[in-house]
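**Student:** One structure follows; several queries about it will come next.
Where a number appears in this text, it was derived from the coordinates with a stated rule and is not lab data. None of the values given here were measured: they were computed from a predicted structure. Positions of Cβ are backbone-derived with ideal geometry, glycine not excepted, and every protein chain shown enters the neighbour counts.
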Amino acid sequence: SSSSVQKKIGIVGSGLIGRAWAMLFAAAGYTVQMYDILESQLVTAQQELDKELHSLEKKGALRGQLKASEQLALIGFTQQLEELVRDAVHIQECVPEQLQLKKSLYSQLDGLLGGDTVVASSTSTFMPSLYSEGLQRRQQFQMLVAHPLNPPYFIPLVEIVPAPWTTAEALERTRLLMLSLGQRPVTLKREIEGFATNRIQYAILNEVWRLVESGILSVADVDRVLSQGLGLRYALLGSLETAHLNAPGGVADYFKRFGAEISAVSATYGPTPDTQAEGAALADIARQCEELVPLEQLDQRRATRDAFLIHLARLKKQFE
Ligand code: NAI
């Protein structure tokens, strides 16, 4: 929209996720500046953005009203943090997932920022209080998490997560900003380990692990349960609306009919598997996964997935 033109967004870290955010903001007409500690990363980012935006344009999959060259012209680069934060309405932090690294970045930002800039972390694992609890001005510092899913260009969900001292105004501003990009934000009422996405994702991984470890299904078959079954419904609807449609009288009827069964099955899950231990279970899962997709074909498989996510994103727009 024309109102977003001139508003400046600062992006800290120009890796995979930093570049994805730069593309989303530029597509919506924002002025973007990217910062990185490594000059070589900024050079790579510039080249990759040029390549990716032109390739999306060729495929007819470029987001927004502007041409690829116009979007590229909105994206600038700097190695000065002071310059990055100047006049920025929003800073999106995309540095590697290491707590100490993020903490030292946040204390640097604490000294540079006025109260008008929201700082959002892309973190997928750290609760926002972990970075901001030690900050001098944590009450004024408008810090929260805005967690995307990879690849953000085709997966619209953003989880917005507050620290206990994040203001309602900062949360709402961020929610509206994400909407202005065409993303679909959800705002958690308070922070919780794993946010919502990973809590649900890990519940699935735990059960899938148990089914393979106990020899009930192979890796290929357990993944089929999602990719050829549940996942097709979940690509369109969430699990509660799915339940709502699955009983004649809606969701209340669904749980009246199946609630006892859900509890009985759930009581048989057993302890959480130790997925970190490099035991026989992990070796077996790794072997089977590598038979499906050899390690040297992972990049190609990712590219294929992303290409089809473009089609899925279009279908979902029609569905909605
Ligand atoms: P990446 O490793 O691709 O990029 C990180 C960038 O940060 C590099 O360019 C690096 O040079 C730069 N950097 C390191 N220290 C810095 C500092 N002090 N100041 C400025 N820049 C610095 O990492 P990626 O995958 O882009 O992840 C970034 C964040 O996004 C992480 O918190 C990660 O958990 C989160 N995330 C990643 C997803 C993924 O699938 N890769 C999905 C969702 C969130």
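**Student:** Post the alpha-carbon centroid distance, segment 301-320 to segment 91-125, in whole angstrom.
**Tutor:** First find each Cα centre; the distance between them is then 31 Å.
**Student:** Let me ask something else about it. Calculate, in nm to one decimal, what GLU320 and HIS54 gain on full extension: separation in residues at 0.36 nm each, minus their alpha carbon distance.
**Tutor:** Stretched fully, the GLU320-HIS54 segment lengthens by 93.0 nm.
**Student:** Taking 0.36 nm per residue of separation and subtracting the Cα-Cα distance, what length does fully extending GLU241 through ALA264 add?
**Tutor:** Going from the current span to full extension adds 6.1 nm.
**Student:** Under a crude label model (7 Å from the Cα following the beta-carbon direction), how far is GLN228 from GLN47 in nanometres?
**Tutor:** 4.2
**Student:** Next up: Using square roots of five times the C-alpha gyration tensor eigenvalues, list the equivalent-ellipsoid semi-axes of the chain in whole Å, biggest first.
**Tutor:** Computed over the chain, the values are 36, 24, 22 Å.
**Student:** Only helical DSSP H runs with n ≥ 4 go in: add -39500 (n - 2.57) per run for the chain, normalise by residue count and round the 222 nm mean residue ellipticity to 500 deg cm²/dmol.
**Tutor:** Value at 222 nm, helices only: -15500 deg cm²/dmol.
**Student:** Tell me, how many Å apart are the Cα centres for segment 1-77 and for segment 200-240?
**Tutor:** Taking the Cα centre of segment 200-240 as reference, the centre of segment 1-77 is 35 Å away.
**Student:** Kindly state, to the nearest 0.05, the FRET efficiency for LEU16 paired with ARG257, given R0 = 45 Å and r defined as their beta-carbon distance.
**Tutor:** E(calc), rounded to 0.05, equals 0.50.
**Student:** Once label points are set 7 Å from the Cα along Cα→Cβ at both GLU278 and VAL186, what is their separation, rounded to one decimal in nm?
**Tutor:** 3.5
**Student:** Shifting gears a bit: Looking at this model, which pairs from LYS59/LYS317; LYS103/LYS317; LYS102/LYS316; LYS256/LYS316 are more than 27 angstrom apart at the alpha-carbon?
**Tutor:** Exceeds cut-off: LYS103/LYS317; LYS102/LYS316; LYS256/LYS316.
**Student:** Of all beta bridges DSSP finds with both residues in the chain, what is the antiparallel percent, to the nearest 5?
**Tutor:** Once the DSSP bridges in the chain are tallied, antiparallel ones form about 15 percent.
**Student:** Any idea what the relative contact order of segment 2-187 is, in percent, if you count C-alpha pairs under 8 Å spaced at least 6 apart?
**Tutor:** Over segment 2-187, the number comes to 20 percent.
**Student:** While we're here: So if I take the centroid of the Cα atoms in segment 262-296 and the same for segment 155-197, what is the distance between those two points in Å?
**Tutor:** 31
**Student:** Right, something else. Expressed as an acute angle from 0 to 90° and rounded to the nearest 10, what is the orientation of the C-alpha long axis of helix 298-319 relative to the principal long axis of the chain?
**Tutor:** Taking the Cα atoms of the chain, the angle to 298-319 is about 90 degrees.
**Student:** Can you tell me the relative contact order of segment 160-310? Whole percent, Cα pairs under 8 Å, sequence separation 6 or more.
**Tutor:** Relative CO of segment 160-310 lands at 17 percent.
**Student:** Give the calculated FRET efficiency between LEU101 and THR78 to the nearest 0.05, with a Förster radius of 22 Å applied to their Cβ-Cβ distance.
**Tutor:** So, using R0 = 22 Å, E works out to roughly 0.70.
**Student:** In sequence order, what are the phi-derived ³J(HN,Hα) couplings for segment 72-79 according to the Karplus relation 6.51 cos²θ - 1.76 cosθ + 1.60 with θ = phi - 60°, rounded to whole Hz, with x for glycine and proline?
**Tutor:** 3J(HN,Hα) across segment 72-79, in whole Hz: 4, 5, 7, 9, x, 9, 8, 10.
**Student:** Simple spin-label model, 7 Å along Cα-to-Cβ: ALA286 to LEU176 in nm?
**Tutor:** With each label placed 7 Å out from Cα toward Cβ, I get 5.0 nm.
**Student:** Would you kindly state the longest site-free stretch of the chain, with sites defined as trypsin sites (Lys or Arg not before Pro) in a DSSP loop (not H, G, I, E, B) surrounded by at most 13 other Cβ atoms within 10 Å?
**Tutor:** 191-320
**Student:** Could you please report the charge total around GLY229, scoring K, R as +1 and D, E as -1 over all other residues with beta-carbon less than 15 angstrom from its beta-carbon?
**Tutor:** -1
**Student:** Related question: Please give the helix 197-213 orientation as an angle from the longest Cα principal axis of the chain, in degrees from 0 to 90, rounded to the nearest 10.
**Tutor:** Roughly 40 degrees between the two axes.
**Student:** While we're here: Quick one: helix 250-266 against the long Cα principal axis of the chain, what's the angle to the nearest 10°, folded into 0 to 90?
**Tutor:** So the inclination is approximately 70 degrees.
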